[in-house]
Amino acid sequence: MDQTWPVVRFPRGPKSLRFTLASALLGMAGCAQLQLPQMQWAWPRFSGDSSADVAMEPATGSRDVDPRQGIKLRVSGSGVRFDKVEVRDGDGKPVAGVSNGGEYLVKPPLQFGTRYQVRATALSAMGEPVTREFQLTTVAVPQLGGASVRPIGPDGVVTLSFDRPVGRLEIAGNLDARVEPDGARRSFRVVASRYAKGGMTPVEVRWETPGGVPLPPLALQFTSAPPLKTELSLQGQTNLGLALPLELRFGEKLAERDKLTDVLLVQTEAGVPVSGRWQWIAEQRLRFKPEPLWPAASTIQVRAEPGRIRSASGATNTDALLGSFQTGADRKIVVYLDSQRLAAIENGQVVKTIKVSTGKPATPTVTGSYYIYARYPRKTMRSQARPGEPGHYVVENVPYAQYFHADYALHGAWWHNGFGRPASHGCVNVPTRTNNRRWPKAPEEAGWLYDWAALGVPVTVQRSASR
């Protein structure tokens, strides 16, 4: 009798199970001498744990990922383990990681603004592979428009503009800085103060993304113009008369020139304001005239808060004190044309009366209120008439000249002795012994007046004492 063996189709599964079943069937056929029917068995597939998988943190497709997170891969399922993991950055370069059984970690920090691609293969408990692909993108660093060297503007402002919104932003460095963002937080006004003028100030931008991710510090250089040069015409002078105006002279053109007088203070050393009036007399020259006069025997200061005076190039004043000077006693000179007398008055009292000679009818002395604006121990005086013209003269070594208005001066006169009557070309002639060969015993009134008076002493010329 022919024996017909059944055909068994073995599914793929564990080899030990296939061999065991085959041996058992052969044994049964041999012992029983049975003719078994042909059978088709449906064997189950042994493919391990069907729940085997790989997951990534952060989730695949994530954008603006915090580089401090790193990348973590984790397998799931009983007995599942990693077989191979590839992580590549935006340039396709491999990124190293560490495997620890069921986890694979790319340690932080990651690179900013980088797209990472991950391909991970795990093996199930039955040895079958499971492959997953992931990708993520880290948060980008906002790009600053312009150079890293930024000039501080005339208003003390540096503007920083970025290609995307920025969260918190601070400026650290050897200066004070107030940060003012716009509504979109893409442009920031940095209002700088208390920084070194005329050089570079290194600063560091400390900032975050709108989501609070710290960004790498940004190194910048702020440049500034040198300190604004200011000059006070009366700086350091002492014993000045009470009517002399002061002048402020600036080394360059100013920004907001029309508002400058609002920031200037004229006061005594004790802080008492001095009344007066500012007036521009040139593009870079400003005059202050006290009204009515400076306080006597006082130290006068001109002040402005540092940084309040700005030039068109951005230079500012670095010191609050722009200059100071000292006034002397309350002195003034009054010339009476009718009596041809000069009175020296101190603290309201006449301390000396001097016979003088004022201008002749054809060349009269001006009348009005003036002040001594220039003084010379010796001066060569010239008329405005040219040689050969009527009234032309040149007189050298005129002693003790004190100019009070244009070419009008109080000065010694040794070429005549007719004091007490008009005899000059308009000046006020005062008796002097200096260079006086004809009248060597003349009183030295001009020298006394020169020593007693000073720059800024008020001079009043009037027709009579009853004016």
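Kirkwood hydrodynamic radius of the chain, from the reciprocal of the average inverse Cα-Cα distance over all distinct pairs: 32.2 Å.
In summary, region 236-387 shows an alpha-carbon radius of gyration equal to 1.32 times the 2.2 N^0.38 Å reference for compact globular proteins. Principal axis extents of the Cα atoms in region 327-439, from largest to smallest and rounded to whole angstrom, are 47, 30, 28. Listed values for region 416-425 are Karplus-derived 3J(HN,Hα) couplings in whole Hz (6.51 cos²θ - 1.76 cosθ + 1.60, θ = phi - 60°), namely 8, 10, x, 5, x, 8, x, 8, 10, 8, and x replaces Gly and Pro. The alpha carbon radius of gyration of region 149-223, expressed as a multiple of 2.2 N^0.38 Å, is 1.06. About its Cα centre, region 53-137 has a charge dipole of approximately 140 debye under the convention of +1 per Lys or Arg Cβ and -1 per Asp or Glu Cβ, with nothing else charged.
Work out the FRET efficiency for residue 119 and residue 208 from their Cβ-Cβ distance, taking R0 = 22 Å, and round it to the nearest 0.05. Efficiency, from the Cβ-Cβ distance: 0.10.
With both labels modelled 7 Å from their Cα along Cα-to-Cβ, the residue 176 to residue 268 distance reads 3.0 nm. What residues of region 257-281 lie in the reach of a label at residue 231, counting those whose backbone N is under 18 Å from a point 7 Å from the Cα along Cα→Cβ? Correct set: 280-281. Say the dipole of region 408-461 comes from +1 at the beta carbon of Lys and Arg and -1 at that of Asp and Glu; which of 410, 456, 432 then lies farthest toward its positive end? Toward the positive end, the furthest listed residue is 432.
Excluding residues fewer than 8 places away in the same chain, name every one of the lysines whose C-alpha is closer than 28 Å to that of residue 360. Straight-line reach from residue 360, under 28 Å: 332, 352, 379, 441. From least to most packed, judged by other beta carbons within 10 angstrom and beginning with the fewest, 310, 463 follow the order 463, 310. The residue list 317, 148, 342 was ranked by how far each Cα lies along the charge dipole of the chain toward its positive end, using unit charges on Cβ atoms, and 342 comes out on top. Per residue, the convex hull spanned by the Cα atoms of region 230-326 measures out at 86 cubic angstrom.
Would you mind computing the Rg to Rh ratio of region 55-182 from its alpha-carbon coordinates, Kirkwood style for Rh?
1.20
For the chain, the 222 nm mean residue ellipticity estimated from helices alone, with every DSSP H stretch of n ≥ 4 adding -39500 (n - 2.57) and the total spread over all residues, rounds to -2000 deg cm²/dmol. Amide H contacts under 5 Å for residue 428: 409, 410, 411, restricted to partners 5 or more places along the chain or on a different chain, H placed in the peptide plane at 1.01 Å from N. Label zone of residue 137 (point 7 Å out along Cα→Cβ, amide N under 17 Å): in region 90-122 this covers 90-92, 111-118. For residue 308, nonlocal amide neighbours, meaning residues 5 or more places apart or on other chains whose placed amide H falls under 5 Å from its own, are 317. In order along region 454-461, phi translates into HN-Hα couplings of 6, 4, x, 5, x, 10, 10, 10 Hz, rounded to whole numbers, per the Karplus curve 6.51 cos²θ - 1.76 cosθ + 1.60 with θ = phi - 60° and x for Gly and Pro. The charge dipole of region 149-223, taken about its Cα centre with unit charges on the Cβ atoms of Lys, Arg (+1), Asp and Glu (-1) only, comes to about 40 debye.
In a fully extended conformation the segment linking residue 84 and residue 382 would gain 96.6 nm over its present Cα-Cα distance, using 0.36 nm per residue.
Using the Cα centre as the reference, give the magnitude of the dipole from point charges on the C-beta atoms of the chain (Lys, Arg: +1; Asp, Glu: -1; all else neutral), rounded to the nearest 20 debye.
1460
Rg to Rh ratio, region 105-244, alpha-carbon atoms and Kirkwood radius?
Here Rg/Rh amounts to 1.35.
Here, each number is a calculation from the coordinates, and none is a lab measurement. As the structure is a computational prediction, the values presented were derived from the model and not from experiment. A quick note on method: Cβ atoms are made from the backbone with ideal geometry, for glycine too, and the neighbour counts reach across all protein chains shown.
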